[in-house]
Amino acid sequence: MRLLPLIVDTDTGSDDAVALLLAAAGGLGDVRAVTTVAGNVPLATGTRNALISLQAAGRGDVPVHPGCERPMTRPLSTAQQVHGHDGMGDIGLPDPERAARPEHAVDVLLDHPRRHPGELTLVTLGPLTNLAVALLRDRDLLGRYRHVYCMAGAADMHGNISATAEFNVWADPEAARVVLERATPEQVTWIGWDASRKDAVMTPADQLRLEQLGTPMATFAHRVNRTVAEWARDVTGLAGYDLPDPLAMAVALRPELVLEQERAHVGVSLADDTRGQLIVDRRRSAPAPNVTLVRRVDEHGFKELLFNTCALEGQ
Ligand code: RIB
Ligand code: CA
């Protein structure tokens, strides 16, 4: 079966790390490059985590390109209280064997689809800063990709970083607005925290199953999510920690896992008290839809992809 050519943009925290395992070792994706962006953790830390995660997937050869070290207009606000100071559960992971590449992430996001028009799938797992800056240089960029999937937003206004906002959009709402202003539902799909909260929660039984697989990737995936498990217990009140980025990656790799989606016109609030909140206009008089919103995903299918990937002994 032909692998799906991928570019992954990530602010590599613990759930991004698991998404990178799915992309690089799941047998469905061909990761051509990884670009990093500040978000969960500062840029240098996220870049280190991306290198470590690709190495854990047996794909230390995949080039990693650092990008924007802060949001477009706002100061950086990380989520280290969620993922740990190092973004990976603070378990003392050793340094990666390889270094990042010198080409800037924005240049990579621009150049690859120009050289391979219509061939590449872009999956963004963090704040949309890199993609937005690339769009300011090439307003037609989204259409040069085969499709763009973003882990972004909360379509039901049930937030994780605030009452109504999801972290990736909250961290850089101006960047999210730039993407939404140029998106079409045929080109761009957003998988929000509402889907993750419902269909990607790792219950204690799931966590035990992952840990008991005992393979290097399963142990890695289990251990790096240690801190986020504690945050879920104390803050979100979910039955376990959720995996938003792996869910978005699973949708990109296996679109048939989508159970419910809608096309709508989506905007984003920049106001202080509703920063990052999505403004989903479903009125008949609404402007034309600009994005496809995934609302529900096949939880069993997602978790089977996750467990089957982590059960592999790696390359
Ligand atoms: O809101 C969840 C998103 O924010 C995920 O991408 C997580 O890694 C953090 O970046
Ligand atoms: Ca992320």
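The values are calculated or read from the model by the stated rules, or taken from the named source; none is laboratory data. Here the structure is a predicted model, which means the values were calculated and not measured. We place every Cβ from the backbone using ideal geometry, glycine too, and count neighbours over all the protein chains shown.
Quick notes on this one:
- Flag for Val123 being touching a helix residue (DSSP H, G or I) at 6+ places or on another chain (Cβ under 6 Å), within 12 Å of ligand 1 (Cβ to nearest atom) and outside any loop (DSSP other than H, G, I, E, B): yes
- When the helices (runs of 4 or more DSSP H) confined to segment 157-201 are screened for residues that are of a type in the set (Val, Ile, Thr), those reaching at least 1 such residues are found at 167-171, 173-182.
- Any chance Ala248 is among the aliphatic types (A, V, I, L, M) and surrounded by fewer than 17 Cβ atoms within 10 Å (Cβ to Cβ): no
- Of the helices (runs of 4 or more DSSP H) lying entirely inside segment 1-110, those containing at least 1 residues that are surrounded by fewer than 20 Cβ atoms within 10 Å (Cβ to Cβ) span 43-56, 80-83.
- Matching option when the condition is within 16 Å of ligand 1 (Cβ to nearest atom) and modelled with pLDDT of 95 or more, among Ala264, Ala252, Ala288: Ala252
- Arg48 meets all of the listed conditions (1) more than 16 Å from the chain's Cα centre (by Cα); (2) under 22 Å from Leu141 (Cα atoms); (3) without any contact (Cβ under 8 Å) to a residue 60 or more places away in the chain but one, namely (2).
- Pairing residues of segment 65-76 that are hydroxyl-bearing (Ser, Thr, Tyr) with residues that are surrounded by fewer than 22 Cβ atoms within 10 Å (Cβ to Cβ), at Cβ distances under 9 Å and at least 6 apart in sequence or on separate chains, gives Thr73/Glu174.
- Candidate set: segment 114-131, residues that are touching a strand residue (DSSP E or B) at 6+ places or on another chain (Cβ under 8 Å) and away from ligand 2 (no atom under 13 Å from the Cβ); chosen: the one farthest from Leu243 (Cα to Cα): His116
- Checked against the criterion of being more than 14 Å from ligand 2 (Cβ to nearest atom) and touching a strand residue (DSSP E or B) at 6+ places or on another chain (Cβ under 6 Å), segment 149-157 contains one or more residues that satisfy it.
- In segment 202-214, the residues that are part of a helix (DSSP H, G or I) and not charged (D, E, K, R): Pro204, Ala205, Gln207, Leu208, Leu210, Gln212, Leu213
- Cβ pairs under 8 Å, 6+ apart, first in segment 121-134 and closer than 14 Å to Val34 by Cα, second in a strand (DSSP E or B) and charged (D, E, K, R): Leu122/Asp9; Val123/Asp9; Thr124/Asp9; Leu125/Asp9; Gly126/Asp9; Asn130/Asp9; Leu131/Asp9
- Of the residues examined, Ala134 is one that is more than 16 Å from ligand 2 (Cβ to nearest atom), surrounded by 20 or more Cβ atoms within 10 Å (Cβ to Cβ) and modelled with pLDDT of 95 or more.
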